[in-house]
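The values are calculated or read from the model by the stated rules, or taken from the named source; none is laboratory data. Please read all numbers here as calculations on a predicted model, not as lab measurements. Glycine gets a Cβ as well: all are built from the backbone with ideal geometry, and neighbour counts include every protein chain shown. All accessible areas refer to the heavy atoms of the entire protein, side chains included, with ligands and DNA or RNA removed. Shrake-Rupley method; radii C 1.70, N 1.55, O 1.52, S 1.80 Å.
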Amino acid sequence: MADDTLTLCEEDLRQWDLLAIFRRCLLARSRPESRHRSWADPRRHLHYADYLSVYLFGLLNPALKTMQALCAASQLARVRREVCTQAISLGSFSEAQHLVEPAALEQLFGELSSQVHGPPPADPRAAWQQWFARDSSLFAALPRMSWALYGGGRSGAKNNAVRLHLSFHLLDDKPARAQITPGKTCERKAWRADWETGAAYVGDRYFAEDYRLLGQLSEHGCRYVLRLRDEAVVNVEEELPVSDAERTAGVTRQAWVRLGARPAWQSPRVRVVWIATAAQETLRLVTNVAPEELSAIEVGLLYRRRWQIECFFRWVKCLLGCRHWLAESERGVRLQLYLALIASVLLQLATGRRPNKRMLELIQLHQLGWATLEELLAGLEREEAKAQRRNQKSK
(Lines give C-alpha, C1' and ligand atoms only; values in the text may rest on other atoms or scores of the structure.)
Protein backbone atom coordinates (compact mmCIF):
# COMPACT_ATOMS: atom_id res chain seq x y z
CA MET A 1 0.00 0.00 0.00
CA ALA A 2 1.35 3.42 -0.91
CA ASP A 3 2.12 5.88 1.85
CA ASP A 4 -0.60 8.58 1.80
CA THR A 5 1.15 10.84 4.30
CA LEU A 6 1.87 14.30 2.97
CA THR A 7 5.36 15.55 3.79
CA LEU A 8 6.84 18.88 2.78
CA CYS A 9 10.61 19.12 2.68
CA GLU A 10 12.60 22.28 3.41
CA GLU A 11 13.49 22.64 -0.27
CA ASP A 12 9.79 22.75 -1.17
CA LEU A 13 9.16 25.66 1.18
CA ARG A 14 12.29 27.58 0.21
CA GLN A 15 10.95 27.91 -3.33
CA TRP A 16 8.17 30.15 -2.02
CA ASP A 17 5.73 28.97 -4.68
CA LEU A 18 2.84 28.40 -2.31
CA LEU A 19 0.39 27.66 -5.12
CA ALA A 20 2.63 24.94 -6.56
CA ILE A 21 3.05 23.43 -3.10
CA PHE A 22 -0.72 23.47 -2.58
CA ARG A 23 -1.38 21.93 -5.99
CA ARG A 24 1.15 19.15 -5.40
CA CYS A 25 -0.32 18.34 -1.96
CA LEU A 26 -3.86 18.46 -3.33
CA LEU A 27 -3.14 16.03 -6.17
CA ALA A 28 -1.20 13.71 -3.86
CA ARG A 29 -4.17 13.48 -1.50
CA SER A 30 -7.15 13.59 -3.85
CA ARG A 31 -7.57 10.48 -5.98
CA PRO A 32 -9.58 10.92 -9.23
CA GLU A 33 -12.00 8.16 -8.20
CA SER A 34 -12.86 10.03 -4.98
CA ARG A 35 -14.00 13.18 -6.82
CA HIS A 36 -17.38 13.97 -8.31
CA ARG A 37 -17.79 12.05 -11.56
CA SER A 38 -18.39 15.32 -13.43
CA TRP A 39 -14.67 16.13 -13.17
CA ALA A 40 -13.91 13.14 -15.41
CA ASP A 41 -16.34 14.26 -18.14
CA PRO A 42 -14.27 14.95 -21.30
CA ARG A 43 -16.51 17.90 -22.11
CA ARG A 44 -15.43 19.71 -18.93
CA HIS A 45 -12.64 22.22 -19.52
CA LEU A 46 -12.16 23.35 -15.92
CA HIS A 47 -10.04 20.87 -13.96
CA TYR A 48 -10.31 20.04 -10.26
CA ALA A 49 -6.86 21.33 -9.25
CA ASP A 50 -7.20 24.42 -11.47
CA TYR A 51 -10.40 25.49 -9.75
CA LEU A 52 -9.04 25.19 -6.21
CA SER A 53 -5.67 26.73 -7.18
CA VAL A 54 -7.38 29.78 -8.68
CA TYR A 55 -9.54 30.05 -5.56
CA LEU A 56 -6.45 30.02 -3.31
CA PHE A 57 -4.72 32.46 -5.67
CA GLY A 58 -7.58 34.90 -5.04
CA LEU A 59 -7.10 34.65 -1.28
CA LEU A 60 -3.35 35.35 -1.52
CA ASN A 61 -3.63 38.12 -4.14
CA PRO A 62 -4.94 41.46 -2.80
CA ALA A 63 -5.89 42.70 -6.29
CA LEU A 64 -8.50 39.99 -6.93
CA LYS A 65 -11.56 40.29 -4.70
CA THR A 66 -14.46 38.87 -6.72
CA MET A 67 -15.30 35.81 -8.76
CA GLN A 68 -15.43 37.98 -11.89
CA ALA A 69 -11.92 39.31 -11.16
CA LEU A 70 -10.53 35.78 -10.78
CA CYS A 71 -12.06 34.63 -14.06
CA ALA A 72 -10.71 37.72 -15.83
CA ALA A 73 -7.25 37.08 -14.39
CA SER A 74 -7.32 33.52 -15.76
CA GLN A 75 -7.14 35.08 -19.24
CA LEU A 76 -3.58 36.24 -18.53
CA ALA A 77 -0.76 34.08 -19.89
CA ARG A 78 1.25 34.06 -16.65
CA VAL A 79 -1.77 33.04 -14.58
CA ARG A 80 -2.52 30.20 -17.00
CA ARG A 81 1.12 29.14 -16.82
CA GLU A 82 1.55 29.26 -13.04
CA VAL A 83 -1.94 28.89 -11.54
CA CYS A 84 -4.36 27.23 -13.95
CA THR A 85 -3.89 25.58 -17.31
CA GLN A 86 -6.54 27.58 -19.22
CA ALA A 87 -8.97 30.46 -18.99
CA ILE A 88 -11.98 29.91 -16.74
CA SER A 89 -15.50 31.08 -17.53
CA LEU A 90 -17.69 32.63 -14.87
CA GLY A 91 -20.29 29.86 -15.27
CA SER A 92 -17.72 27.08 -14.86
CA PHE A 93 -16.21 28.70 -11.77
CA SER A 94 -19.62 29.17 -10.17
CA GLU A 95 -20.74 25.60 -10.93
CA ALA A 96 -17.53 24.02 -9.60
CA GLN A 97 -18.31 24.95 -5.97
CA HIS A 98 -21.05 22.28 -6.02
CA LEU A 99 -18.66 19.57 -7.26
CA VAL A 100 -15.97 19.73 -4.55
CA GLU A 101 -16.39 18.03 -1.20
CA PRO A 102 -15.28 20.38 1.62
CA ALA A 103 -14.30 17.27 3.60
CA ALA A 104 -11.38 16.75 1.19
CA LEU A 105 -10.00 20.21 2.02
CA GLU A 106 -10.68 19.67 5.71
CA GLN A 107 -8.51 16.54 5.59
CA LEU A 108 -5.77 18.33 3.65
CA PHE A 109 -5.82 21.18 6.17
CA GLY A 110 -5.44 18.71 9.05
CA GLU A 111 -2.48 16.97 7.43
CA LEU A 112 -0.67 20.21 6.62
CA SER A 113 -1.37 21.55 10.11
CA SER A 114 0.24 18.46 11.65
CA GLN A 115 3.53 19.52 10.04
CA VAL A 116 3.61 22.89 11.83
CA HIS A 117 5.67 22.80 15.03
CA GLY A 118 6.33 25.66 17.40
CA PRO A 119 9.57 26.34 19.27
CA PRO A 120 10.66 23.66 21.74
CA PRO A 121 9.08 24.20 25.17
CA ALA A 122 11.21 25.72 27.88
CA ASP A 123 10.16 22.91 30.22
CA PRO A 124 9.62 19.60 28.38
CA ARG A 125 7.87 18.21 31.47
CA ALA A 126 5.19 20.93 31.54
CA ALA A 127 1.76 19.38 32.01
CA TRP A 128 -0.01 21.90 29.75
CA GLN A 129 1.96 21.41 26.53
CA GLN A 130 -0.64 19.47 24.53
CA TRP A 131 -3.65 21.73 25.09
CA PHE A 132 -6.08 23.26 22.60
CA ALA A 133 -8.04 26.49 22.90
CA ARG A 134 -11.61 25.97 21.71
CA ASP A 135 -13.79 28.78 20.39
CA SER A 136 -15.74 29.95 17.35
CA SER A 137 -16.05 33.15 15.36
CA LEU A 138 -18.83 34.56 13.20
CA PHE A 139 -18.32 35.76 9.63
CA ALA A 140 -21.06 38.03 8.31
CA ALA A 141 -23.03 36.56 5.39
CA LEU A 142 -25.15 38.30 2.77
CA PRO A 143 -28.92 38.66 3.32
CA ARG A 144 -29.62 36.44 0.31
CA MET A 145 -27.59 33.59 1.87
CA SER A 146 -30.72 32.26 3.57
CA TRP A 147 -29.04 28.99 4.61
CA ALA A 148 -26.94 31.06 7.04
CA LEU A 149 -29.89 32.73 8.78
CA TYR A 150 -28.90 33.60 12.34
CA GLY A 151 -30.97 35.42 14.94
CA GLY A 152 -28.14 37.32 16.54
CA GLY A 153 -28.44 40.71 14.93
CA ARG A 154 -28.58 44.12 16.55
CA SER A 155 -31.72 44.67 18.68
CA GLY A 156 -32.84 41.12 17.93
CA ALA A 157 -33.08 41.67 14.17
CA LYS A 158 -32.49 38.66 11.96
CA ASN A 159 -29.19 38.49 10.16
CA ASN A 160 -26.98 35.96 8.38
CA ALA A 161 -23.66 34.58 9.54
CA VAL A 162 -21.24 31.69 9.08
CA ARG A 163 -19.50 30.19 12.11
CA LEU A 164 -15.96 28.85 12.15
CA HIS A 165 -15.41 26.41 15.05
CA LEU A 166 -11.74 25.94 15.81
CA SER A 167 -9.44 23.91 18.04
CA PHE A 168 -6.19 25.86 18.30
CA HIS A 169 -2.95 24.25 19.47
CA LEU A 170 -1.54 26.55 22.15
CA LEU A 171 2.09 25.41 22.12
CA ASP A 172 2.51 25.32 18.32
CA ASP A 173 0.33 28.45 17.85
CA LYS A 174 -1.59 26.86 14.98
CA PRO A 175 -5.13 25.87 14.00
CA ALA A 176 -5.50 22.11 14.42
CA ARG A 177 -9.14 21.14 13.72
CA ALA A 178 -11.94 23.17 12.18
CA GLN A 179 -15.64 22.95 11.46
CA ILE A 180 -17.67 25.42 9.38
CA THR A 181 -21.41 25.70 9.99
CA PRO A 182 -24.30 28.17 9.74
CA GLY A 183 -24.06 30.82 12.46
CA LYS A 184 -26.93 29.44 14.55
CA THR A 185 -25.17 26.09 15.16
CA CYS A 186 -24.54 25.48 18.86
CA GLU A 187 -20.85 25.80 19.76
CA ARG A 188 -21.07 23.06 22.40
CA LYS A 189 -22.73 20.66 19.94
CA ALA A 190 -19.98 21.24 17.35
CA TRP A 191 -17.33 20.86 20.05
CA ARG A 192 -18.79 17.56 21.28
CA ALA A 193 -18.60 16.15 17.74
CA ASP A 194 -14.90 17.08 17.66
CA TRP A 195 -13.76 15.54 20.96
CA GLU A 196 -10.67 13.37 20.78
CA THR A 197 -9.78 10.88 23.51
CA GLY A 198 -6.73 12.18 25.38
CA ALA A 199 -7.15 15.75 24.15
CA ALA A 200 -7.22 18.74 26.52
CA TYR A 201 -9.28 21.88 25.96
CA VAL A 202 -9.38 25.47 27.21
CA GLY A 203 -12.62 27.39 26.74
CA ASP A 204 -14.57 30.44 27.80
CA ARG A 205 -17.77 30.65 29.86
CA TYR A 206 -20.21 29.32 27.26
CA PHE A 207 -18.59 25.88 27.24
CA ALA A 208 -19.01 25.48 31.01
CA GLU A 209 -22.74 26.32 31.13
CA ASP A 210 -23.88 22.69 30.68
CA TYR A 211 -22.67 20.84 33.76
CA ARG A 212 -23.55 17.44 32.32
CA LEU A 213 -21.05 18.16 29.57
CA LEU A 214 -18.26 18.23 32.15
CA GLY A 215 -18.98 14.62 33.13
CA GLN A 216 -19.19 13.56 29.49
CA LEU A 217 -15.79 15.12 28.80
CA SER A 218 -14.21 13.08 31.59
CA GLU A 219 -15.91 9.90 30.38
CA HIS A 220 -14.51 10.57 26.91
CA GLY A 221 -11.00 10.79 28.33
CA CYS A 222 -10.62 14.55 27.83
CA ARG A 223 -9.16 17.14 30.18
CA TYR A 224 -10.37 20.72 30.34
CA VAL A 225 -9.93 24.18 31.84
CA LEU A 226 -13.08 26.30 31.42
CA ARG A 227 -14.20 29.61 32.87
CA LEU A 228 -17.38 29.66 34.96
CA ARG A 229 -20.05 32.30 34.66
CA ASP A 230 -20.39 34.69 37.59
CA GLU A 231 -23.87 33.26 38.25
CA ALA A 232 -22.63 29.67 38.60
CA VAL A 233 -23.55 28.02 41.93
CA VAL A 234 -20.47 26.41 43.52
CA ASN A 235 -20.97 23.81 46.27
CA VAL A 236 -17.62 23.34 48.01
CA GLU A 237 -16.86 19.80 49.21
CA GLU A 238 -13.16 20.02 50.05
CA GLU A 239 -10.84 23.02 50.33
CA LEU A 240 -7.39 22.60 48.78
CA PRO A 241 -4.19 24.31 50.01
CA VAL A 242 -2.79 27.33 48.16
CA SER A 243 0.99 27.78 48.22
CA ASP A 244 2.82 31.08 48.62
CA ALA A 245 3.92 30.94 44.97
CA GLU A 246 0.32 30.45 43.88
CA ARG A 247 -0.86 33.37 46.01
CA THR A 248 1.84 35.56 44.45
CA ALA A 249 0.48 34.54 41.02
CA GLY A 250 -3.01 35.72 42.02
CA VAL A 251 -4.56 32.43 43.14
CA THR A 252 -6.81 33.13 46.13
CA ARG A 253 -8.51 29.77 46.59
CA GLN A 254 -8.98 26.28 45.13
CA ALA A 255 -11.35 23.48 46.08
CA TRP A 256 -13.09 20.29 45.00
CA VAL A 257 -16.71 21.22 44.32
CA ARG A 258 -19.97 20.29 42.62
CA LEU A 259 -21.60 22.88 40.37
CA GLY A 260 -25.31 23.59 40.20
CA ALA A 261 -28.16 24.48 42.56
CA ARG A 262 -30.35 21.44 41.86
CA PRO A 263 -28.95 17.99 42.73
CA ALA A 264 -30.44 16.44 39.57
CA TRP A 265 -28.45 18.84 37.37
CA GLN A 266 -25.23 19.06 39.38
CA SER A 267 -21.84 18.45 37.83
CA PRO A 268 -19.55 15.60 38.82
CA ARG A 269 -16.84 16.41 41.36
CA VAL A 270 -14.59 19.03 39.77
CA ARG A 271 -11.86 21.39 40.86
CA VAL A 272 -12.37 25.16 40.85
CA VAL A 273 -9.53 27.70 41.04
CA TRP A 274 -10.21 31.33 42.04
CA ILE A 275 -7.76 33.86 40.50
CA ALA A 276 -7.71 37.61 41.15
CA THR A 277 -6.99 39.74 38.06
CA ALA A 278 -5.42 43.17 37.67
CA ALA A 279 -8.87 44.51 36.72
CA GLN A 280 -10.18 43.77 40.24
CA GLU A 281 -12.13 40.76 38.98
CA THR A 282 -12.08 37.15 40.11
CA LEU A 283 -11.84 34.39 37.55
CA ARG A 284 -13.34 31.05 38.51
CA LEU A 285 -11.78 28.31 36.42
CA VAL A 286 -13.06 24.73 36.50
CA THR A 287 -10.97 21.68 35.60
CA ASN A 288 -11.08 17.92 36.01
CA VAL A 289 -7.29 17.70 36.50
CA ALA A 290 -5.93 17.17 40.02
CA PRO A 291 -3.45 19.67 41.56
CA GLU A 292 -0.69 17.04 41.42
CA GLU A 293 -0.93 17.00 37.60
CA LEU A 294 -1.80 20.66 36.92
CA SER A 295 -0.98 23.35 39.45
CA ALA A 296 -3.25 26.32 40.06
CA ILE A 297 -0.60 28.54 38.44
CA GLU A 298 -0.71 26.40 35.28
CA VAL A 299 -4.50 26.52 35.27
CA GLY A 300 -4.32 30.32 35.18
CA LEU A 301 -1.57 30.31 32.57
CA LEU A 302 -3.58 28.03 30.31
CA TYR A 303 -6.61 30.29 30.43
CA ARG A 304 -4.52 33.40 29.76
CA ARG A 305 -3.01 31.73 26.69
CA ARG A 306 -6.53 31.27 25.28
CA TRP A 307 -6.14 34.75 23.76
CA GLN A 308 -4.06 33.13 20.99
CA ILE A 309 -7.19 31.79 19.29
CA GLU A 310 -8.79 35.26 19.33
CA CYS A 311 -5.69 36.69 17.64
CA PHE A 312 -5.88 33.97 15.00
CA PHE A 313 -9.52 34.74 14.20
CA ARG A 314 -8.64 38.40 13.76
CA TRP A 315 -5.66 37.48 11.58
CA VAL A 316 -7.76 35.30 9.27
CA LYS A 317 -10.43 37.98 8.89
CA CYS A 318 -8.13 40.95 8.41
CA LEU A 319 -5.11 39.56 6.59
CA LEU A 320 -6.53 36.78 4.43
CA GLY A 321 -9.45 38.80 3.13
CA CYS A 322 -12.22 36.53 4.38
CA ARG A 323 -14.71 39.36 4.63
CA HIS A 324 -15.77 38.97 0.98
CA TRP A 325 -17.34 35.76 -0.30
CA LEU A 326 -16.29 34.40 -3.68
CA ALA A 327 -19.23 31.95 -3.52
CA GLU A 328 -22.53 32.21 -1.69
CA SER A 329 -23.65 28.58 -1.32
CA GLU A 330 -22.99 26.75 1.95
CA ARG A 331 -20.51 24.47 0.21
CA GLY A 332 -18.75 27.37 -1.52
CA VAL A 333 -18.36 29.26 1.76
CA ARG A 334 -16.94 26.17 3.46
CA LEU A 335 -14.45 25.77 0.60
CA GLN A 336 -13.31 29.37 0.97
CA LEU A 337 -12.77 29.14 4.72
CA TYR A 338 -10.93 25.82 4.49
CA LEU A 339 -8.72 27.30 1.76
CA ALA A 340 -8.06 30.32 4.01
CA LEU A 341 -6.99 27.94 6.80
CA ILE A 342 -4.78 26.01 4.36
CA ALA A 343 -3.22 29.30 3.24
CA SER A 344 -2.50 30.23 6.86
CA VAL A 345 -0.79 26.87 7.46
CA LEU A 346 1.27 27.11 4.23
CA LEU A 347 2.41 30.61 5.21
CA GLN A 348 3.36 29.40 8.68
CA LEU A 349 5.28 26.46 7.23
CA ALA A 350 7.11 28.77 4.86
CA THR A 351 8.03 31.48 7.39
CA GLY A 352 8.39 29.37 10.53
CA ARG A 353 5.73 31.48 12.25
CA ARG A 354 2.38 33.07 11.50
CA PRO A 355 3.31 36.12 9.38
CA ASN A 356 2.29 39.58 10.57
CA LYS A 357 0.80 42.24 8.30
CA ARG A 358 4.16 43.51 6.99
CA MET A 359 5.35 39.97 6.26
CA LEU A 360 2.13 39.11 4.42
CA GLU A 361 2.45 42.29 2.35
CA LEU A 362 5.95 41.18 1.30
CA ILE A 363 4.62 37.75 0.37
CA GLN A 364 1.82 39.31 -1.68
CA LEU A 365 4.27 41.63 -3.46
CA HIS A 366 6.33 38.57 -4.32
CA GLN A 367 3.20 36.83 -5.62
CA LEU A 368 2.46 39.92 -7.74
CA GLY A 369 5.98 39.91 -9.15
CA TRP A 370 7.09 43.21 -7.60
CA ALA A 371 9.50 41.64 -5.07
CA THR A 372 12.22 39.17 -5.97
CA LEU A 373 12.79 36.04 -3.89
CA GLU A 374 15.96 37.60 -2.44
CA GLU A 375 14.07 40.78 -1.46
CA LEU A 376 11.28 38.68 0.07
CA LEU A 377 13.66 36.60 2.20
CA ALA A 378 15.62 39.69 3.29
CA GLY A 379 12.40 41.47 4.27
CA LEU A 380 11.15 38.47 6.22
CA GLU A 381 14.45 38.30 8.11
CA ARG A 382 14.11 42.01 9.03
CA GLU A 383 10.57 41.51 10.30
CA GLU A 384 11.61 38.43 12.26
CA ALA A 385 14.46 40.38 13.88
CA LYS A 386 12.01 43.15 14.84
CA ALA A 387 9.64 40.61 16.39
CA GLN A 388 12.48 39.07 18.42
CA ARG A 389 13.52 42.50 19.73
CA ARG A 390 9.92 43.25 20.77
CA ASN A 391 9.70 39.91 22.56
CA GLN A 392 12.95 40.59 24.45
CA LYS A 393 11.70 44.03 25.56
CA SER A 394 8.41 42.57 26.80
CA LYS A 395 10.18 40.02 29.04
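Numbers at a glance
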item: Relative contact order computed over the chain (Cα-Cα under 8 Å; 6+ residues apart), in percent; result: 16
item: Rel. contact order, % - alpha carbon contacts under 8 angstrom, at least six apart, segment 128-208; result: 35
item: From phi via Karplus (6.51, -1.76, 1.60), per-residue ³J(HN,Hα) for segment 268-285 in Hz, x at Gly/Pro; result: x, 5, 10, 9, 10, 10, 9, 10, 7, 9, 5, 8, 6, 10, 10, 7, 10, 10
item: Mean shadow area of segment 332-375, taken as a quarter of the surface of its Cα convex hull (nm²); result: 3.6
item: Residue-averaged 222 nm ellipticity for the chain, from DSSP H runs of 4+ at -39500 (n - 2.57), nearest 500; result: -12000 deg cm²/dmol
item: Spin-label model distance (nm) - Glu281 vs Arg144, 7 Å beyond Cα toward Cβ; result: 4.1
item: Contour minus Cα-Cα distance for Ala193 and His47 (0.36 nm per residue); result: 49.2 nm
item: Chain lengthening between Gln115 and Glu82 when straightened (0.36 nm per residue, less Cα-Cα); result: 9.4 nm
item: Cβ-derived FRET efficiency at R0 51 Å, Glu375 paired with Lys184, nearest 0.05; result: 0.65
item: Equivalent-ellipsoid semi-axes of the chain, from the Cα gyration tensor, Å, largest first; result: 42, 25, 19
item: In degrees, nearest ten, helix 373-394 long axis to first principal axis of the chain (Cα); result: 10
item: In nm, spacing of pseudo-spin labels at Ser89 and Lys357 (7 Å Cα→C-beta vector); result: 4.2
item: Protection proxy ranking, peptides 108-116, 140-148, average beta carbon neighbours within 10 Å, highest first; result: 108-116, 140-148
item: Solvent accessible area, Å² - Tyr150, 1.4 Å probe, full protein context; result: 50
item: For Lys357, solvent-accessible area (1.4 Å; no DNA, RNA or ligand), Å²; result: 120
item: Calculated from backbone phi, Karplus (6.51, -1.76, 1.60) coupling profile of segment 251-266 in Hz, x at Gly/Pro; result: 6, 9, 6, 8, 7, 7, 9, 10, 9, x, 7, 9, x, 5, 10, 6
item: Inter-site label distance for Ser34 and Ala69 at 7 Å from Cα along Cβ, in nm; result: 3.2
item: Phi to ³J(HN,Hα) by Karplus 6.51 cos²θ - 1.76 cosθ + 1.60 over segment 93-105, Hz, x for Gly, Pro; result: 5, 5, 5, 4, 4, 8, 10, 10, 7, x, 4, 5, 6
item: Cα-based Lys pair tally, the chain, threshold under 26 Å, eight or more apart or on separate chains; result: 21
